[in-house]
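Nothing in this text is a laboratory measurement; each read-out follows from the coordinates by a stated rule. Because the structure is a prediction, the values reported are computed rather than measured. Cβ atoms come from the backbone with ideal geometry, glycine included; neighbour counts cover every protein chain shown.
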Ligand code: SAH
């Protein structure tokens, strides 16, 4: 599944999923849970907790030299997902292979984070737990791996998170705390179920004692708010506070809480394993910490930075040059010819443009589009209709009945726990780069290629003709962009880089229009 792409780059399972056949041949207790499917592939039934447990124990043994025991009625951690969090903490504290001091809030029976952090990086851990069974198992797991010098498991009262664990040590500064808070998804994860339905009751075979102890009142949101509350008192006693989240929609209110409280450094990330998505939030009261950027933002910005582009194949260049000469272009190079043709098309469209300095072997034009002259009236109307149709949908309340099949599918009574990366709840802030999706080669079907004719829309033209002709000096514009004309092997490439404006769709349309205008010129001759 492609979600594995957003596993942490250092996650050893990123491009190398566990080899079940190999593990089965080496570990008989694992082999007992492996079946061979019709195509001869070794497979595991992830719906069986016994099988999930066998995989976790086998991977910890094979890849980390750790031996653990965990009861079926408590959370069974999945190793690749836990590793993602460890690697992210490494990024936060620059802690790869460095001795660091951390706290794991709610370590579980496995004590997985401390065991991984201590064995991989030599980190010291204070591991807290409220549940007796978990506490006993965790203590034993640390002992049997000879890691008692690095990991201290402590039993804490339910009411407290960090305050009680730290009250005896007033001097030590911890580098981080991490936490996989008790939330409903844990139950499903424990059973190896990747359910999208939060309302689904917990699997009946889960020990009810376990359920009440693991489930936090008020869900993860309240649990993390309590950690935030503790952090506001402890402040610089820890360099980074962090927490995993089972629902993306928890991010926004928690970030808002941190903002309200004036916490100076906040970041988040996402973790993927197969179809399971998790998010994590981190905050710090130190101003000198390095803050890793959220992954989605990085990806979207990368996409946004990529220009729109189209190529003019070398077979078309001769004709384009001839066309440019016919229009009075005296320079001979294909770049000059195409730039002249672009200038002509832009002048006809009344898109303001001027040549700007650029690298050798390149031509650059700075464009300022003041009005949309490249989309035909019919399409404009269609676009307006579409926007009108979408308006009520955007304002629809959560319980308004939805009519279309699509919207029923997304209706709010089926809030997914496991949200696919791209369809999850949108973040309120700068996450959404306008038009980020447009940084692809343009699709010629996007726009009808009919420029506004003379005489049409005369009133608008009247205003436009009064506009100053220099692209830099207009106050009101739709968008500005930089057009680069350059060689790409024997072809010529036209790139459009977004500068600023209302909506990148408009640049996409103009790009398509210009490409079609140039190619049409070739087709006609
Ligand atoms: N860290 C483990 C377990 C996570 S489940 C893992 O990632 O697999 C959450 C754990 O937090 C449970 O074991 C639960 O007993 C424990 N817990 C719940 N409330 C707590 C509290 N106030 N302080 C410490 N642990 C708590």
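Taken over region 58-111, the alpha-carbon convex hull comes to 96 cubic angstrom per residue. Could you calculate the FRET efficiency of residue 260 with residue 488 from 1/(1 + (r/R0)^6), where r is the beta carbon distance between them and R0 is 51 Å, rounded to 0.05? It comes out at approximately 0.55.
Enclosing the Cα atoms of region 127-173 in their convex hull gives a volume equal to 68 cubic angstrom per residue.
Gain on full extension, evaluated as 0.36 nm per residue between residue 475 and residue 42 minus their Cα-Cα distance, stands at 149.4 nm. Remark: the residue 94-residue 354 segment gains 88.9 nm on full extension, using 0.36 nm per residue and subtracting the alpha carbon distance. Ellipsoid fit via the Cα gyration tensor, region 245-358: semi-axes of 52, 18, 13 Å, each the root of five times an eigenvalue, largest first. Each 5 Å bin from zero up to the one holding the largest Cα-Cα distance in region 69-161 carries the following percent of pairs: 3, 15, 26, 25, 20, 9, 2, 0.
Calculated FRET efficiency, residue 69 to residue 291, Cβ-Cβ distance, R0 = 41 Å: about 0.60 to the nearest 0.05. Computed from the C-alpha gyration tensor, the three semi-axes of the ellipsoid equivalent to region 216-257 are 19, 11, 9 Å, from longest to shortest.
Extending 7 Å from Cα along the Cβ direction at residue 170 and again at residue 152 yields two label points whose distance is 1.6 nm.
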